[in-house]
Amino acid sequence: MTAPVRTNLRHAYELNRQRIAQLWSEAQPIVEGDTADRFLQRQGLQAHSSAGWPDALRLHPALEYWHTDHSGAAACLGTFPALLAALEIDVHTHGMHQPAERHKVALQRFYLTAQGTPASVPAFIKSTGTDGQIKGAAVRLSAPRARADGVVLGVAVGVLAALRFAAAVRVPVWAVADPAALAHFRWPRGLTHLQVFTDTSDAAQAIPACELVRKATRCGLFCQVQTITPPRAAQHINHPAPNV
């Protein structure tokens, strides 16, 4: 009885992989003045550099929003522009001694209005289905930074929080999808300093953050937890809805 289940899962993962690739190819890099740029600026954020917003973020011009109600009935509630954030992991297709390849395992979708505000839908942040390799994934918003004492990177829960923390402390910060994902975060090879940022308004982040620090410290990294409540825009941002 288990073989059909494994086959069905493999099929679902393959469909998800194709969907992720399709959505990403349909999206475009964020440019000044577009819907995603307006949304991010409304959240009090600015592009990190003259190069603009991170490559891990794109704008999809028109994405259908599907909602399943409590009875299991699915309906399309409209088409919206959407900010896409790529959750990625490293894969070693050619062996552990060869350079890793970045692999997109899921996308977070921020459904927006043309004015750059959250769309009026049941949950304006939703994640796609995964391709089966989601554990450890993060949105890689900027490269780790080399300093005199080593290579530093931060991690936080949520793209908007990670961008806020990065701007506040001037450290590159990657984003995980939810609090539980902190405990499974995979830092890149060569990292020596890991900063774990947690938000005082979300108690669910504390235990996974401690677990991540425990594992990273055992692997020889210098770790620091910074618990901060970053400035927030007027619009409250929730964690993403379950994969749909």
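Going through the DSSP H helices of the chain, which span 15 Å or more along their own axis at the Cα atoms while scoring at least -0.5 as a mean Kyte-Doolittle hydropathy? Answer set is 159-169, 206-218. The slack in the chain from residue 186 to residue 55, taken as 0.36 nm per residue of separation less the alpha-carbon distance, amounts to 45.2 nm. The slack in the chain from residue 14 to residue 117, taken as 0.36 nm per residue of separation less the alpha-carbon distance, amounts to 33.8 nm. When only alpha carbons are used to place a centre, segment 41-93 and segment 11-30 end up 11 Å from one another.
Ligands, DNA and RNA left out, the accessible area of the chain computed with a 1.4 Å probe is 56% carbon and sulfur. Computed over the chain, the per-residue total of -39500 (n - 2.57) for DSSP H runs of n ≥ 4 gives a 222 nm mean residue ellipticity of -7500 deg cm²/dmol, rounded to 500. With 0.36 nm allotted per residue and the present C-alpha distance subtracted, the residue 100-residue 204 stretch has 34.3 nm of extension available.
The values are calculated or read from the model by the stated rules, or taken from the named source; none is laboratory data. Worth saying up front: this structure is predicted, and the values here are computed from it rather than measured. These area figures cover heavy atoms from the full protein model, side chains too; ligands, DNA and RNA do not enter into them. Shrake-Rupley method; radii C 1.70, N 1.55, O 1.52, S 1.80 Å.
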